[in-house]
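FYI, it's all coordinate maths here, none of it is from the lab. Note that the structure is predicted; figures quoted are calculated from it, not measured. Heads up, the Cβs are rebuilt from the backbone with ideal geometry, glycines too, and the neighbour counts pull from every protein chain shown.
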Amino acid sequence: MDTETLRFLDEREKKLIADIERAKHALDGIRRAKEAILANAPTGDSKGSGEKERRLSVPEMVRHSLAEQFPQGATVSQLFAFFNTRWGREISKPGLSVTLNHMKNAGKVQLDDQVWTLKRPRVRL
């Protein structure tokens, strides 16, 4: 039996399964973004009373997006597209990356395989 080839095939299978899971995760994020676009389509004035919505900072948009729209996490590209569609904000990708890294260093978000998530506080028992 060729154990080296079998080991290679097993490792390749595991990698492909992980790639499929990441693709499913990305597809879910795209679907959620599309749903948000449709749900937040402009209808006239922003709040019905003519009151102007406060402009969020980039870190606030990151926190809001990851908490409500992408609870399983999002890539920089997904966040970038969502900011543009949800708030009409065109943030530069390098600028967004810098903000995410500052938030990561502050313990607010975490990065795992190009997917950003909110960092959950540890619960001590």
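Before moving on, here are some points about what is shown:
- Phi angles of region 9-14 translate, via the Karplus equation with coefficients 6.51, -1.76, 1.60 and θ = phi - 60°, into HN-Hα couplings of 5, 4, 5, 5, 4, 4 Hz per residue; Gly and Pro are given as x.
- For the peptides 74-85, 19-30, 55-66, residues were scored by their other Cβ atoms within 10 Å and the scores averaged per peptide; the highest-first order is 74-85, 55-66, 19-30.
- Anisotropy class of region 86-125 from Cα gyration tensor, a/c 1.5 cut: prolate
- Amide hydrogen neighbours beyond the local backbone of R89, cut-off 5 Å, H modeled: N84
- Counting Lys and Arg as +1 and Asp and Glu as -1 over every other residue whose Cβ lies under 11 Å from the Cβ of P71, the net charge comes to 0.
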